[in-house]
1. Please give the number of the condition residue 129 fails out of (1) away from the ligand (no atom under 16 Å from the Cβ); (2) at pLDDT below 95.
2. Which condition number in (1) at pLDDT below 95; (2) under 14 Å from residue 117 (Cα atoms); (3) within 10 Å of the chain's Cα centre (by Cα); (4) not small (Gly, Ala, Ser) is the one that residue 32 fails?
3. Filter segment 107-125 down to the residues that are within 16 Å of the ligand (Cβ to nearest atom) and either farther than 21 Å from residue 42 by Cα or among the basic types (Lys, Arg) (or both) and list them by number.
4. Quick one: which strands (runs of 3 or more DSSP E) lie wholly within segment 30-130 and hold at least 3 residues that are crowded, with 19+ Cβ neighbours inside 10 Å, in contact (Cβ under 8 Å) with a residue 60 or more places away in the chain and in contact with a Lys or Arg (Cβ under 9 Å, 6 or more places away or on another chain)?
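The values are calculated or read from the model by the stated rules, or taken from the named source; none is laboratory data. Because the structure is a prediction, the values reported are computed rather than measured. With ideal geometry, Cβ positions are generated from the backbone for all residues, glycine too; neighbour counts draw on all protein chains shown.
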Amino acid sequence: MKAGIATLGLLAGLLDGVQAQYVATDHIRVFLFGQTSYFSEVAVDVRNNTCLSLDNNLIDGKVQSVLVGGHNIWDVYQRNDEWYCILYDNFDCTGSEASMITVAGGTNNLATAGWGNRVHGLRCINDDPA
Ligand SMILES: *[C@@H]1O[C@H](CO)[C@@H](O)[C@H](O)[C@H]1NC(C)=O
């Protein structure tokens, strides 16, 4: 029983470490996933309120799933920050509501939202005023 508790403590510590690595005040790491058989995964570091264009990125136009600030859903669940990302259907991160979709933690299937293969740029914002 005691060993079990220690293991849990160690796990929580590891998750904290992972989180610290991917999430900072001024930037956050976002994982973009394509179709399995395609070019499947890209990690990008996005600075606060800065447009990151996927132009020249192999995953441009192939993004199917997104995870914000963690490499798996457990890491993302551990987050307690105010980051969210806006995905755009253009390279300049511009346009009206119809050109963007907001993702706070992650989304597993952009296609069901009509966003399969549509992402060309992203902007992430840290709403924490601190
Ligand atoms: C990030 O950028 C937004 C928009 O400019 C700003 O309101 C916010 O305070 C910034 N966050 C931090 C942590 O600097």
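1. Only one criterion is unmet by residue 129, namely (1).
2. It fails just one condition, (1).
3. 123
4. none
A quick yes/no check of all residues on (1) farther than 17 Å from residue 35 by Cβ; (2) not charged (D, E, K, R):
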{"site": "88", "(1), (2)": "yes, yes"}
{"site": "94", "(1), (2)": "yes, yes"}
{"site": "97", "(1), (2)": "yes, no"}
{"site": "109", "(1), (2)": "no, yes"}
{"site": "112", "(1), (2)": "no, yes"}
{"site": "123", "(1), (2)": "yes, no"}
{"site": "126", "(1), (2)": "yes, yes"}
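Yes or no, residue by residue, for (1) of a type in the set (D, E, K, R); (2) at pLDDT 95 or above; (3) more than 25 Å from residue 129 (Cα to Cα):
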site: 5; (1), (2), (3): no, no, yes
site: 10; (1), (2), (3): no, no, yes
site: 16; (1), (2), (3): yes, no, no
site: 40; (1), (2), (3): no, no, yes
site: 57; (1), (2), (3): no, no, yes
site: 78; (1), (2), (3): no, no, no
site: 91; (1), (2), (3): no, yes, yes
site: 95; (1), (2), (3): no, yes, yes
site: 99; (1), (2), (3): no, yes, yes
